[in-house]
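Right, one structure below, let's go through it.
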Amino acid sequence: MRFEISKVLDAIEGRVCTDPSLARAVVDLAEVIRWQDLDGGRPASLLRLGMVIDALSRQLEEDSVPVYAIVHRALLSDADLTSNERMVVRRWADDGLVEVLDQPGDRMLEVADLLGLPVLSRVRFDGLGGRWPWLGQAGRVLAPVPGAGGPVFIAHVGGGQTPASGSRSPAGAKLLARQWRCPEPGCALFGGGGGGGAFADLARVDRAPAGQPPPTLRNGVPSCPRHGARLGDAGPRPRTAVLAVRIGGLVRRRFVLTETQPVLVGRAPDATGGVVLGQWLNDEARRWISRNHVRFELRVGEVIVTDTSTNGSGVRPGGSMAEPDRIPLAPQQSRVVGEGDLVELYPGVQIGRADKVTSDAKFSPTSVMAEAPTMAMRLPRP
Ligand SMILES: [Zn+2]
């Protein structure tokens, strides 16, 4: 039982992040874990975060959807959680996967404002519409409530059930154009040391600058939400492009491309940071697709694909599915990927810019709760 819960928590760990390019909604973990009516279980449970993530995935019709979690520091010693759950949250905090704060205040709304993300919360936020006008827009604040097949979302204002993203606020766009350094050594959010202390080199997290979370604004000054310290400006943030993988008509995951880090995609890429497709492929696709099938690079804002496979791939200009339009890409050949283009590794296995790739098949997402023993659905394993 313990083992299975650990597996669920590991699966949930893959769905929490503070990367502005990947997070799809903001939650306050202290609130989520206490939604006892979702499962009728213990007063607090980390598994409820998994249930909410699954609900988000169903609503967005995408797999591997991550949330940005704000964590009140008190939660790290909350006796209503199991010691295992507390340990897991501490690990997420140390790795910068969640944002731990002494006083969260309205940080959840600030993150939602800066990043243009929807908020999953049961709080009504009455009277805050002056400061955050988007609170009144449909899909920007949704309350997860119990439903037949797991949580469903309802809106306090504006109606609608589908979480809606807006654009980053002007302040957010400005903050996310730069990279930041926290003077606190080993800061998990704005790491790299920066303080120049004797142990700066030992900082556990040397976070990729492109994935840094948005700073908090304190009297207009960019500050570390965790340490309260004024952040140093470490220059322009590297450019990024967000790509999405669609397999069998379903968006399976997104990944971020930066100018400093090419990304290999294939059946089981050798490099760390590679995008592994193996688990979603049928036998024929697995035979066709190489371990390292294609490499994506970002050069002066252009996405370049290079075929690194044995069997080759193809590009579908503008996403056209008409066979005569498909441009073959021979092994070792490179090509610029246009705005709406899809790179096709094998029929039905496509990669393109995340905002142009949507699921077009009936969606049944992979649940992070598949191993959860507390769930009513004890489906036989295939
Ligand atoms: Zn810090």
Exercise. Quick check, is I327 farther than 14 Å from V265 by Cβ, aliphatic (A, V, I, L, M) and at pLDDT 95 or above?
Worked result: yes
Exercise. Of all residues in the range 165-204 being among the aliphatic types (A, V, I, L, M), open to solvent by 30 Å² or more (accessible area, probe 1.4 Å) and at pLDDT 90 or above, which is farthest from the ligand (Cβ to nearest atom)?
Worked result: A173
Exercise. Which of the residues that make up the range 153-179 are hydroxyl-bearing (S, T, Y) and touching a helix residue (DSSP H, G or I) at 6+ places or on another chain (Cβ under 7 Å)?
Worked result: T162, S169
For this session: Examine the range 234-244 for a residue that is within 16 Å of the ligand (Cβ to nearest atom), open to solvent by 10 Å² or more (accessible area, probe 1.4 Å) and over 19 Å from the mean Cα position of the chain (by Cα), and state whether such a residue exists.
Result: yes
Exercise. In the range 112-129, is there at least one residue being of a type outside the set (A, V, I, L, M) and in contact with a Cys (Cβ under 6 Å, 6 or more places away or on another chain)?
Worked result: no
Seminar exercise, completed: Within the range 129-149, restricting to residues that are out of contact with any Ser or Thr (no Cβ under 9 Å at 6 or more places or on another chain) and part of a helix (DSSP H, G or I), the one that is nearest to R107 (Cα to Cα) is L135
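Quick grid of which residues meet (1) open to solvent by 10 Å² or more (accessible area, probe 1.4 Å); (2) in contact (Cβ under 8 Å) with a residue 12 or more places away in the chain:
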{"residue": "R24", "(1), (2)": "yes, yes"}
{"residue": "A30", "(1), (2)": "yes, yes"}
{"residue": "Q36", "(1), (2)": "yes, no"}
{"residue": "D39", "(1), (2)": "yes, yes"}
{"residue": "E61", "(1), (2)": "yes, yes"}
{"residue": "V67", "(1), (2)": "no, yes"}
{"residue": "I70", "(1), (2)": "no, yes"}
For this session: Could you please find all residues in the range 136-152 being in contact with a helix residue (DSSP H, G or I) (Cβ under 7 Å, 6 or more places away or on another chain) and open to solvent by 30 Å² or more (accessible area, probe 1.4 Å)?
Result: P146, V152
Exercise. Taking the range 303-343 as the region of interest, how many residues are of a type in the set (A, V, I, L, M) and in contact with a helix residue (DSSP H, G or I) (Cβ under 7 Å, 6 or more places away or on another chain)?
Worked result: 2
Exercise. Here is a list of conditions, (1) among the basic types (K, R); (2) in a strand (DSSP E or B); (3) within 16 Å of the ligand (Cβ to nearest atom), and R226 meets all of them except one; can you say which number that is?
Worked result: (2)
Exercise. Residues in the range 119-141 that are in contact (Cβ under 8 Å) with a residue 40 or more places away in the chain and under 22 Å from the mean Cα position of the chain (by Cα): how many?
Worked result: 4
Exercise. With respect to R254, is the statement that it is in contact with an Asp or Glu (Cβ under 9 Å, 6 or more places away or on another chain), charged (D, E, K, R) and either in a loop (DSSP other than H, G, I, E, B) or within 30 Å of A112 (Cβ to Cβ) (or both) true?
Worked result: yes
Problem set entry | Every pair of residues 6+ apart whose Cβ atoms lie under 9 Å, when the first sits in the range 219-235 and is without any contact (Cβ under 8 Å) to a residue 12 or more places away in the chain and within 15 Å of D106 (Cα to Cα) while the second is among the small types (G, A, S) and near the ligand (Cβ under 8 Å from one of its atoms) | S223/A229
Exercise. Strands (runs of 3 or more DSSP E) wholly in the range 293-351 with at least 1 residues that are open to solvent by 60 Å² or more (accessible area, probe 1.4 Å) - which ones?
Worked result: 294-299, 302-307, 327-329, 334-337
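The values are calculated or read from the model by the stated rules, or taken from the named source; none is laboratory data. Note that the structure is a prediction, hence the values are computed from the model and not measured. Don't worry about glycine lacking a Cβ; one is built from the backbone with ideal geometry, like all the others, and counts go over all protein chains shown. For accessibility, only protein heavy atoms count, side chains too; no ligands or nucleic acids. Shrake-Rupley method; radii C 1.70, N 1.55, O 1.52, S 1.80 Å.
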